[in-house]
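The values are calculated or read from the model by the stated rules, or taken from the named source; none is laboratory data. No experiment lies behind these values; they were computed from the predicted model shown. Methodologically, a virtual Cβ is constructed for each residue, glycine included, from the backbone with ideal geometry; neighbour enumeration extends over all protein chains shown. Side chains are part of the model used for accessible areas, which takes the heavy atoms of the whole protein and leaves out ligands, DNA and RNA. Shrake-Rupley method; radii C 1.70, N 1.55, O 1.52, S 1.80 Å.
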Amino acid sequence: MKTVRTSIFLVALCALSCLFFAGCGEEPVVTVNYFVDDTKVGEVPDRNFYDIITLDSTNADANATWNQNTWSLTYTPVKKDTEINVYFEYTKHPFKIDGVGYDDLLEAFATISMDAPITIELTRDYEGFISSPMGSDITLNLNGFTLDGVGFDTISCNGKMVINGEGTITNSVFGEYSKSLVNYGALTLNNVTVENSTSNVTIWNSNNGGSTMALNDCQISHTQDCIVIINSGEMNLNNCTVTGAGAETHPTIYSNVEGAVLNLNGGSVKNTATGYTIYREFGIVTLNECDAENTYGLEEEETAEE
């Protein structure tokens with residue numbers, strides 16, 4: 001009888017212990033909530049477009065912190081149920097590199113090493129110019145936003161650069177240097193809209209140092225009586241649409257120096273005014289299934305058969 005009473009006592013003691021310690025063998029529950037502009041969201045927001053503001057916890061022993069490098073929450077083991085709230089806001093910086101925000105690229109270039117390739121994320125529309133450093137290797141993701149040089153060459157490539165859309169590169173204020181793109185290096189564009197509404201050209205591919213450009217699935221245009229593209233180096237247009245509004249002295253595309261090479265693969269070149277679509281003064285121009293009427297200087301041997 002004494003053994004039975006002892007067993008009952010131990011069972012009761014265990015039950016009370018389980019109640020007191022919130023469950024036998026059950027791990028404490030940690031609930032993490034993410035908020036963007038005070039609105040609860042289901043997952044961690046993209047570090048390229050948001051900044052961490054603050055966080056709070058119902059348990060100070062959790063020692064919760066946000067790791068900027070890994071863009072993740074860290075906390076120590078807890079002995080009771082804990083709720084952690086993490087608060088973000090849409091970034092105020094137009095550019096981010098590895099999750100770090102910059103107000104302009106001159107500031108960013110001054111703080112990063114040019115010894116390795118970097119990726120720059122555009123996080124909102126930006127008015128200002130970009131001139132990449134000599135020898136740099138940069139990928140610029142437009143993320144659907146617009147860059148406007150407002151009177152200065154919007155982008156000048158002095159090294160290697162890849163620009164990915166969807167997004168727009170434009171210039172809306174006339175000046176001596178108000179081109180949308182100037183290339184002195186190796187520049188590639190993928191699915192980008194390039195425009196210009198000033199009295200300057202949209203794109204100039206220089207022959208300075210053997211400049212090369214590759215434009216893939218891009219929309220390139222000009223709204224005024226002006227040349228759209230001047231090619232003085234090597235340029236490949238792949239499935240691009242190029243549209244100009246130039247009169248007789250302003251073709252849509254102009255090949256102007258000996259040694260210039262222009263390959264147009266697919267796509268089209270148009271002129272909504274009276275000017276030529278392509279004017280070859282010097283260099284080599286090759287059409288390969290590209291729709292381009294009213295051309296000048298394209299010898300038959302330089303035009304691939306349809």
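With respect to the numbered conditions (1) over 18 Å from the mean Cα position of the chain (by Cα); (2) modelled with pLDDT under 95, which one is the sole condition not fulfilled by Ser178?
Exception for Ser178: condition (2).
Can you name every residue in segment 56-74 that is on the phi < 0 side of the Ramachandran plot and over 33 Å from the mean Cα position of the chain (by Cα)?
Ser57, Thr58, Asn59, Ala60, Asp61, Ala62
Given the options Ser156, Ser136, name the one that is closer than 25 Å to Gly233 by Cβ and at pLDDT 95 or above.
Ser156
Yes or no: Glu127 touching a Gly at 6+ places or on another chain (Cβ under 7 Å), surrounded by fewer than 17 Cβ atoms within 10 Å (Cβ to Cβ), closer than 25 Å to His93 by Cβ and not polar (S, T, N, Q)?
no
Are there any pairs with C-beta distances below 6 angstrom linking a residue in segment 101-121 that is closer than 13 Å to Ser132 by Cα to a residue that is open to solvent by less than 80 Å² (accessible area, probe 1.4 Å) and of a type in the set (D, E, K, R), with the two at least 6 apart or on different chains, and if so which?
From segment 101-121, the pairs are Pro117/Asp137.
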